[in-house]
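Take a look at the structure below.
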Amino acid sequence: MITLGIIGVVAAMTLPALINKTQNQELVTSFKKVYSELSQVYMKIKADNGGTFDGLCKSSDDYYILYSKYMKKVKVCNASTVLGKCWPKDWYYSTGTKVSAEEVNSSSLILPSGTSMLFYYMSEACDSTIELKEPIGCGRIRVDLNGLKKPNVVGKDIFDFYITKDALIPRGSDKTTNSITSDWGRAAYVLQNGKIDY
C-alpha cells in the first residue's frame with residue numbers, strides 16, 4: 001500500500017509537467033507550420049504583385065480578402081461577428097489579465113488546422129512605424145494556433161506577425177519595438193528557440 005501511495009504521489013507531481021511539455025511542443029509545431037505557410041503566402045502575394053505590397057491594401061478587410069485568396073479556409077467571420085465564432089471571446093495575457101475586446105476589430109478566417117487569423121491594416125504605402133523601429137509596416141496578422149481551444153494566452157497560442165516591405169516578421173524581432181521576453185514579443189522567441197519554455 002505504501003508503494004502504491006508513493007507511486008501515486010510521484011505521478012501526481014510529474015504528470016501535469018509532462019502534459020504541459022507535450023502541449024507546448026504541439027503548439028511549437030503548429031507555430032512553425034503556420035509561420036511557414038504565412039511566409040510562403042507572403043512571398044506568393046509579393047511575386048504576383050510586382051515584388052511589392054505597396055498599394056495593395058487600404059484596410060484590414062483588404063488584407064483579409066487578399067490572404068483569403070491564397071489560403072485554404074473552413075470558416076470566415078467579419079469584424080462584427082468574429083468574437084466567439086472565429087476568435088476566442090475571452091483571451092488573456094500571461095499574467096491572467098483579460099485582453100480588451102478592442103484588440104479584435106478585424107475580419108477573421110479559420111484554417112483547416114483550426115488556426116484562427118485576424119488581419120490588420122497599418123499603411124497602404126508600407127511605411128508605418130507602429131510597433132516597428134523603421135517605416136516598413138504594411139499590416140499585421142494575429143494568429144491563435146488552436147482557434148477557440150484554450151489556453152488562449154498571448155505568447156502561448158496567440159502570436160503576431162508583421163507584413164513589411166521586405167518580409168513577414170515575427171513580433172519581438174529586432175525590427176519591432178516589443179521585447180522578445182514580453183507576451184507580444186514571444187513570436188520571435190519561439191521562432192529563434194523552437195520552444196515555449198517560459
> Can you work out ³J(HN,Hα) from phi for every residue in the stretch 40-46, in order, using Karplus 6.51 cos²θ - 1.76 cosθ + 1.60 and θ = phi - 60°, giving whole Hz and x for Gly and Pro?
Replying inline: 5, 5, 3, 5, 5, 4, 4
> By residue number, which cysteines of the chain lack any other Cys whose Cβ falls under 4.7 Å from their Cβ?
Replying inline: C57
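Quick one: what do you get for the stretch 2-193 if you divide its Cα Rg by 2.2 N^0.38 Å? Display every interim value, and only then the final one.
Numbers: Rg = 18.3 Å, N = 192, 2.2 N^0.38 = 16.2 Å.
After normalising by residue count via 2.2 N^0.38 Å, the value is 1.13.
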> With Cβ to Cβ distances under 12 Å as the rule, what net charge do the other residues near S182 carry (K, R +1; D, E -1)?
Replying inline: -1
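Express the relative contact order of the chain as a whole percentage, based on alpha carbon pairs under 8 Å and six or more residues apart in sequence. Mind dumping the intermediate values first?
Working: 353 pairs, mean separation 37.7, N = 198.
In percent, rounded to a whole number, it is 19.
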> Which whole-Hz ³J(HN,Hα) couplings does the stretch 142-149 yield from phi under the Karplus relation 6.51 cos²θ - 1.76 cosθ + 1.60, θ = phi - 60°, glycine and proline marked x?
Replying inline: 10, 10, 10, 4, 10, x, 6, 5
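Readers should treat all values here as calculations from the given coordinates under stated rules, not as data from a laboratory. Note that the structure is predicted; figures quoted are calculated from it, not measured. FYI the Cβ positions are ideal-geometry reconstructions off the backbone, even for glycines, and counts take in every protein chain you see.
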